[in-house]
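The values are calculated or read from the model by the stated rules, or taken from the named source; none is laboratory data. Bear in mind the structure is a predicted one, so any value in this text is a computation, not a measurement. Cβ placement follows ideal geometry from the backbone for every residue including glycine, while neighbour counts extend to all protein chains displayed. To get the accessible areas, we keep the full protein, side chains included, count just its heavy atoms, and leave off ligands, DNA and RNA. Shrake-Rupley method; radii C 1.70, N 1.55, O 1.52, S 1.80 Å.
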Amino acid sequence: MSIQVRNIRKAFGDFVALDDVSLDFPTGELVALLGPSGCGKTTLLRIIAGLEQADAGQVLLDGDDASGTHVRERQVGFVFQHYALFRHMSVFDNVAFGMRMKPRGQRPSEKAIRAKVHELLALVQLEWLADRFPAQLSGGQRQRIALARALAVEPRVLLLDEPFGALDAKVRKELRRWLRKLHDELHITSVFVTHDQEEALEVADRVVLMDRGHVEQVGTPEEVYRQPATPFVYGFLGSVNFFHGRVDGANLLVGGDHLPHAQQELDAGSEVIAFARPHELDLVPEADGNTGVAARITRILAFGVTARVELDGLNGASGQHFEVELTQQRVAELALTEGQTVRLLPSRLKVFQRNDAIGASA
Amino acid sequence: MSAATTLNWAAAPRGNAAVRFESREATRETPWVKWTILGISLTFFAVFLLLPLVAVFVEALRKGWETYWSALIHEDALSAIMLTLTAAAISVPLNLVFGVCAAWAIAKFEFRGKHLLITLIDLPFSVSPVIAGLIYVLIFGAQGWLGPWVAEHDVKIIFAVPGIVLATVFVTFPFVARELIPLMQAQGREEEEAAIVLGANGWQTFWYVTLPNIKWGLLYGVILCNARAMGEFGAVSVVSGHIRGQTNTLPLHVEILYNEYQFAAAFAVASLLALLALVTLAIKTWVEHRACSAPPSREPRQDAAS
């Protein structure tokens, strides 16, 4: 089933959680709502589920306005960050709950319920835990039971609120892969909320980036990572270096230093902010001329496959810190030492107009 | 007194921490400190708690079992027992319903005046029971606000059973709510939300999800509420009128007997209340024990998702 949200607005007192948000979630896709805490992603998920009421706007489930539909009739599966398993019920009873609460006419027989519960427990690979209680399970097991419980009522969409947020890094990684596999088997329209960019990029078919109640960009993981539409997206997806400067033809002026860029459409003289990822920067020895931003090396971390060099900006970029990722070979070639002055030269530079960088774009 | 009445859910599982503390050289206190503190607390316990309790039973049985028994089956004593049971039987369920509603409202909803409500719930704890009684005399008494209206409709409230029930309800008002509010606030509303998303209606959610989660706290509140309802003296004394065989509850009956120098009989009836207190303590301990072991047996946790 497809989900559409149209012009959703929601405020808590003076705090605007969602400001005119419109999105499409096509049938069968796994979509991530990604953003820092407080960006409105969980609120949006809860509005889709019906657990929260929007101040304005519509939620369309399969094209029908669901605004007047009660939560229990929306047929959504909801997985909570802290599992919300019924602590006084066994795993079996937890999973059976949704089926047992159905009105008498629609309720399956106890035998059918039993079969369905075992089928779902097999799906989440935890059949052997049927008689345990939630307190006896690990976090990862609890979250898989919560998922089985949500699937038991055959929801038309599955909504997951920071499903792996409370788990430790190793389990999180395993469950991520497992969720992706499960989605490939079931193909149920799913939306999950996360603040972990790696998780979103790895699991989702499409990523929705949100900041301060606005949608910043929607796209495949590849698109949003390769072509960030706004400075926020650039900064949020991975480490980033930025330069404040002014456009001067094919160069940016950063203080007295020049940075070459490839974007044609920039107005000469306008204030800009330019981004480069650590691996998109190279270091060249301090020499005559002023191409590249001068910086002093503060630290070289040369373990691992690549070396990481941390620098403090000089001249026009003073007070800023930079992070550069180089091959071990390149480090040896340049014979870098801590305290040395070098120039930063980007191989790729993404430039945004300065006013864009301050206010979030719509 | 409210501070002492909250069930401590977290304390139990760490019972043996004290043992470890004591057995370690580095954290052990010198013997004289230990024995002085122990001595002071045990002396206080013996003088202020144990001695009076023993005295009640000793005095009650001073003139033999026969006198004891006849004091209990005396007509006035029996009617006092009946009245006490009636007052408790009405006020406890009323406060149970009120307590659950209030705790639900406070824990699960945001509304104006919430803090005022939380504060007001404690009023019966903070006000003297005599004032509690007087409030009803001022409202329903012959010279009170509603006095003429009440007299006109031939309803007796003050110096009659309804007044006693009202005073008891007032005094025992906070017990259940006070017990449930922190418990329900700590539990949040996620489980209820999960139930609703899974298709449960309001009643099913309350019955299958909320109630099982609060049942031990609820029972604990009810026990304390009941103990207070049966033992209340001050407020009931003001509205009762002390009519023998009609408006005397057990505590009032004890006072009357005592004032008439029937010491053996007074202590005999008092021993009933003392027994009630002991039974209450026993049930309370059992409930605490159950509440803390409620999440069934602690087995070693399985390691993360495999």
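Odds and ends about this structure:
- Taken together, A:Lys170, A:Lys181 contain a single residue that is surrounded by fewer than 20 Cβ atoms within 10 Å (Cβ to Cβ) and facing chain B (nearest Cβ under 10 Å), which is A:Lys170.
Okay, residues lined up against (1) free of Cβ contacts under 8 Å to residues at least 60 places away in the same chain; (2) in a helix (DSSP H, G or I):
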| position | (1), (2) |
| --- | --- |
| A:Ala229 | no, no |
| A:Phe232 | no, yes |
| A:Gly238 | yes, no |
| A:Gly245 | no, no |
| A:Leu259 | no, no |
| A:Ala262 | no, no |
| A:Glu265 | yes, no |
| A:Ala268 | yes, no |
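- Taken as a whole, the structure leaves A:Glu216 outside the set of residues that are acidic (Asp, Glu) and open to solvent by 40 Å² or more (accessible area, probe 1.4 Å).
- With respect to the conditions (1) open to solvent by 10 Å² or more (accessible area, probe 1.4 Å); (2) within 11 Å of the chain's Cα centre (by Cα), A:Val233 lacks only one, and its number is (1).
- In the range A:90-106, residue surrounded by the most Cβ atoms within 10 Å (Cβ to Cβ) [restricted to those that are assigned to a loop (DSSP other than H, G, I, E, B) and facing chain B (nearest Cβ under 8 Å)]: A:Met101
Residues checked against (1) open to solvent by less than 50 Å² (accessible area, probe 1.4 Å); (2) assigned to a loop (DSSP other than H, G, I, E, B):
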position	(1), (2)
B:Tyr68	yes, no
B:Asp76	yes, no
B:Leu83	yes, no
B:Leu96	no, no
B:Ala105	yes, no
B:Glu110	no, yes
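- In the range B:191-216, the residues that are within 7 Å of another protein chain (Cβ to nearest Cβ) and touching a residue at least 24 places away in the same chain (Cβ under 8 Å) reach residues that are part of a helix (DSSP H, G or I) and open to solvent by 20 Å² or more (accessible area, probe 1.4 Å) with C-beta atoms within less than 6 angstrom, at least six apart or across chains, in these pairs: B:Asn213/B:Gln187.
- The one condition in (1) modelled with pLDDT of 90 or more; (2) over 27 Å from A:Gly63 (Cβ atoms) that A:Arg206 fails to fulfil: (2)
- Qualifying positions in the range A:219-230 - over 18 Å from A:Phe275 (Cα atoms) and open to solvent by less than 10 Å² (accessible area, probe 1.4 Å): A:Gly219
- Taking the listed residues A:Val193, A:Val171, the one that is of a type outside the set (Phe, Trp, Tyr) and either under 18 Å from A:Glu29 (Cβ atoms) or in contact (Cβ under 8 Å) with a residue 60 or more places away in the chain (or both) is A:Val193, with no other qualifying.
- Only listed residue being touching a Phe, Trp or Tyr at 6+ places or on another chain (Cβ under 9 Å) and open to solvent by 40 Å² or more (accessible area, probe 1.4 Å), chosen from A:Arg6, A:Arg46: A:Arg46
- Residue satisfying all of: in the range A:126-151; touching a strand residue (DSSP E or B) at 6+ places or on another chain (Cβ under 9 Å) and buried (at least 23 other Cβ atoms within 10 Å of the Cβ); nearest to A:Ser37 (Cα to Cα) among these: A:Gln143
- Listed by first and then second residue, the pairs with beta-carbon distance under 6 Å, at least 6 apart or on different chains, first residue in the range A:44-65 and on the phi < 0 side of the Ramachandran plot and modelled with pLDDT under 90, second open to solvent by less than 10 Å² (accessible area, probe 1.4 Å) and assigned to a loop (DSSP other than H, G, I, E, B), form an empty list.
- Complete set of residues in the range A:155-167 that are open to solvent by 10 Å² or more (accessible area, probe 1.4 Å), within 11 Å of another protein chain (Cβ to nearest Cβ) and either in contact (Cβ under 8 Å) with a residue 40 or more places away in the chain or among the polar types (S, T, N, Q) (or both): A:Pro155, A:Asp161
- In this structure, A:Ala150 does not qualify as in contact (Cβ under 8 Å) with a residue 60 or more places away in the chain, at the interface with chain B (Cβ under 8 Å from one of its Cβ atoms) and at positive phi.
- Selection of helices (runs of 4 or more DSSP H) fully inside the range A:118-221 by the criterion of at least 3 residues being touching a Cys at 6+ places or on another chain (Cβ under 6 Å) and among the charged types (D, E, K, R) returns nothing.
- In the range B:192-242, the residue that is least open to solvent (accessible area, probe 1.4 Å) out of those that are polar (S, T, N, Q) and under 25 Å from B:His253 (Cα atoms) is B:Ser240.
- Taken over the range B:24-54, the criterion of being touching a helix residue (DSSP H, G or I) at 6+ places or on another chain (Cβ under 8 Å) and either part of a helix (DSSP H, G or I) or not polar (S, T, N, Q) (or both) is satisfied by B:Arg28, B:Leu53.
- The combined condition, being surrounded by 10 or more Cβ atoms within 10 Å (Cβ to Cβ), without any contact (Cβ under 8 Å) to a residue 12 or more places away in the chain, among the acidic types (Asp, Glu) and on the phi < 0 side of the Ramachandran plot, is not fulfilled by B:Glu59.
- Evaluation of A:Arg74 against (1) facing another protein chain (nearest Cβ under 9 Å); (2) open to solvent by less than 60 Å² (accessible area, probe 1.4 Å); (3) at pLDDT 90 or above (one fails), failing number: (3)
- Residue in the range A:79-89 that is open to solvent by 10 Å² or more (accessible area, probe 1.4 Å), closer than 22 Å to A:Thr43 by Cβ and more than 7 Å from chain B (Cβ to nearest Cβ) present: yes
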